[in-house]
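Structure first, then comments.
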Amino acid sequence: MAPSSMPGSIADAARSALEIGTGTARAAIALTRSGVVRPIRPERLYGMGRALARYGYSVTAAFCVGAARHPYRLAVVDDDGVLTYAELDARTDRIAQALLASGAAPGGAVGILCRNHRAPVEVMVAAGKAGADVVLLNTGLSPEQLRGVTEQQKLHTVVTDPDFAELVPDGPRIVRTDGDGPGTLEEMASSGGPRELPFKPERSRMIVLTSGTTGTPKGAKRPHPSSLAPAASILSAIPLQAGEPVLISAPLFHTWGNAALMLASLHGSTVVLQRRFEPQAFLDVVERRRCTTIFAVPVMLQRVLEHVGDGNDRDGWAGPHRPRIVAVSGSALPAGQALGFMDRFGDCLYNLYGSTEVSWVSIAGPADLRDAPGTAGRAPAGTTLIILGDDDRPVGPDVEGRVFVGNDLPFDGYTGGESSLEERDGLLGTGDVGHLDDRGRLHLTGRADDMIVSGGENVHPGPVEDLIANAEGVREVAVLGVPDEKFGQRLAAYVVRADGASLDEDAVRDLVRGDLAKFAVPRDVHFLDELPRNQTGKVLRAELPGQDQ
């Protein structure tokens, strides 16, 4: 009897078993191909199995497996030096003991308010060993937002870089990442505590904050994978290899940077981190550490392109070393930027479209970015991607609708119990509008709630923004709706000119008028020195002129 004809509970169980089996097989194939699965000495298998039994499929388990498998390999390289897997394992044991001694676990929550360096990695691993929840705090939060998150997430301890210590409100215990005296992370890593670590602690939850720019950001609970199938999905489209150095420039407090850390540690990689992103320092560390994979956000690629300039040669890297993979996510990747980067640095670019809530949706590799610039790519293995029309039925190729997705890492809800995402037949809505082409590639029009009604016409800012962004003389642009007394709403364009460009307001309007309908022409054109952005490159709309009307 086929699963679809079985009684409900039996059919559901059979379907779940089939999905788990399929995901496990897919993971085994992907991890074998990437070099994670290979012959291992018997005495090391015990330590690896013990780590998985204690901590499940988590970043804590990944680093503990690394300590058992390759203890003397470099685990983290940052501005302060290097740590081997064995050293990181020993330090995080003591930090976990100190967390237990302070009462942060079990059941407590530890906030991490740090830039990219070893401290946030150590705290994440240690929290998993102690059974404490981790809340990844965005370093761009205002004091009011940080106060709201502290109360909402009931933070017991906040581990903070010195730059942000004064922003932490009264209440949580503060642990600084600088120095080695009382109240510092180094003190915890040196002294530990009297309690032994539990063999199997309470499962530590990872809370990632949504990227809201006003109000208190919501805490999205990242579910614990029940297998390695989620990693297999990403690996089906982005060909990581075990043991290769990985530079994570994307913020570790963001879903993309956090996913990069998980993938890198799973592969036994050396994780390379820099506190601050600077284009030349970025290029230099890629060369010096022979990084083969880079995780970044699109605005970083733009800054690197601007730094290297046009040049006479095709190659923009700092030396002879060439990364195989430059993977970006976190904000939109303009078509012109994707092509410009590959023309200068080679066809190594991968673009992942997703969100804090739904994880990944689609991935575009170099071939698709060349063939269909601006595409968000295809659904990777184990991922369902459909476009639904207004009647909630799937639409055909090139027909626009709402984007829905299902994958191996389903959303676990918000910590505050806020209303969840739109759901249809087990698939989650991303809140975006787009279409699939005849080759299954996703093309996004924009956010569903960005659409405006101007003079009775529905207008999406996305196509207008893309058109202006690809024009000569434009460095970057944002297009969105503003109130209009006569038409209800109108489009406004915020343009940053390229150096030496003489583009004026009429030229911007003529660009749009020549390709799109009259009602899509922005009535307002503002020229800015730069667009206000958060750490992942998303434009801070509330800080644009005219948004307080």
TODO: Please enumerate the residues belonging to the stretch 250-293 that are outside any helix (DSSP H, G or I), touching a residue at least 40 places away in the same chain (Cβ under 8 Å) and either more than 26 Å from residue 72 (Cα to Cα) or among the hydrophobic types (A, V, I, L, M, F, W, C) (or both).
DONE: 250, 251, 252, 253, 254, 271, 272, 273, 276, 291
Open item on the list: For the condition on the phi < 0 side of the Ramachandran plot and assigned by TED's automatic domain parsing to the domain that holds residue 97, what is the one hit in 272, 208?
Closed with: 208
Open item on the list: So in the stretch 35-84, with the set limited to residues that are surrounded by fewer than 16 Cβ atoms within 10 Å (Cβ to Cβ) and among the basic types (Lys, Arg), which one is nearest to residue 286 (Cα to Cα)?
Closed with: 73
TODO: Taking residue 292 as meeting all but one of (1) surrounded by fewer than 24 Cβ atoms within 10 Å (Cβ to Cβ); (2) of a type in the set (Ser, Thr, Tyr); (3) modelled with pLDDT under 95; (4) touching a strand residue (DSSP E or B) at 6+ places or on another chain (Cβ under 8 Å), write down the number of the exception.
DONE: (3)
Open item on the list: Out of everything in the stretch 116-147 that is of a type in the set (Gly, Ala, Ser) and surrounded by fewer than 21 Cβ atoms within 10 Å (Cβ to Cβ), what residue ends up being nearest to residue 94 (Cα to Cα)?
Closed with: 140
Task: Qualifying position, being touching a Pro at 6+ places or on another chain (Cβ under 8 Å), without any contact (Cβ under 8 Å) to a residue 60 or more places away in the chain and not β-branched (Val, Ile, Thr), among 460, 526 - done: 526
Task: Test set (1) modelled with pLDDT of 75 or more; (2) assigned to a helix (DSSP H, G or I); (3) under 27 Å from the mean Cα position of the chain (by Cα) - residue 36 fails condition number - done: (2)
Open item on the list: With the requirement that a residue be modelled with pLDDT of 95 or more and more than 25 Å from residue 321 (Cβ to Cβ), what does the stretch 342-359 give you?
Closed with: 353
TODO: Look at residue 367 and say whether it is surrounded by 18 or more Cβ atoms within 10 Å (Cβ to Cβ), at pLDDT 95 or above and either out of contact with any helix residue (DSSP H, G or I) (no Cβ under 6 Å at 6 or more places or on another chain) or within 30 Å of residue 224 (Cβ to Cβ) (or both).
DONE: no
TODO: Specify which of the listed residues (147, 203) is in a helix (DSSP H, G or I) and among the basic types (Lys, Arg).
DONE: 147
- [ ] Look through 504, 529, 515, 499 and report the one residue that is charged (D, E, K, R), under 30 Å from the mean Cα position of the chain (by Cα) and surrounded by fewer than 18 Cβ atoms within 10 Å (Cβ to Cβ).
- [x] 529
Task: Unmet criterion (only one of (1) out of contact with any Asp or Glu (no Cβ under 8 Å at 6 or more places or on another chain); (2) in a loop (DSSP other than H, G, I, E, B); (3) more than 29 Å from residue 422 (Cα to Cα); (4) not aliphatic (A, V, I, L, M)) for residue 546 - done: (1)
- [ ] Give the residues of the stretch 139-150 that are touching a residue at least 60 places away in the same chain (Cβ under 8 Å) and in contact with a helix residue (DSSP H, G or I) (Cβ under 8 Å, 6 or more places away or on another chain), sorted by residue number.
- [x] 139, 141
Task: Any strands (runs of 3 or more DSSP E) falling wholly within the stretch 61-131 and containing at least 3 residues that are touching a residue at least 60 places away in the same chain (Cβ under 8 Å) and closer than 25 Å to residue 36 by Cα - done: 74-78
Open item on the list: among the aromatic types (Phe, Trp, Tyr), over 27 Å from residue 289 (Cβ atoms) and without any contact (Cβ under 8 Å) to a residue 40 or more places away in the chain: is that true of residue 57 in this structure?
Closed with: no
TODO: Among what's in the stretch 39-85 and is among the β-branched types (Val, Ile, Thr) and either over 25 Å from the mean Cα position of the chain (by Cα) or closer than 20 Å to residue 248 by Cα (or both), pick the residue that is modelled with the lowest pLDDT.
DONE: 40
- [ ] List the number of the failed condition for residue 541; all other conditions in (1) surrounded by fewer than 17 Cβ atoms within 10 Å (Cβ to Cβ); (2) basic (Lys, Arg); (3) farther than 25 Å from residue 140 by Cβ hold.
- [x] (3)
TODO: Looking only at the stretch 185-210, count how many residues are of a type in the set (Lys, Arg) and touching a strand residue (DSSP E or B) at 6+ places or on another chain (Cβ under 6 Å).
DONE: 1
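The values are calculated or read from the model by the stated rules, or taken from the named source; none is laboratory data. Predicted model only: the values in this text are computed from it and were never measured. All Cβ positions, even for glycine, are placed from backbone atoms using ideal geometry, and neighbour counts span all protein chains on display.
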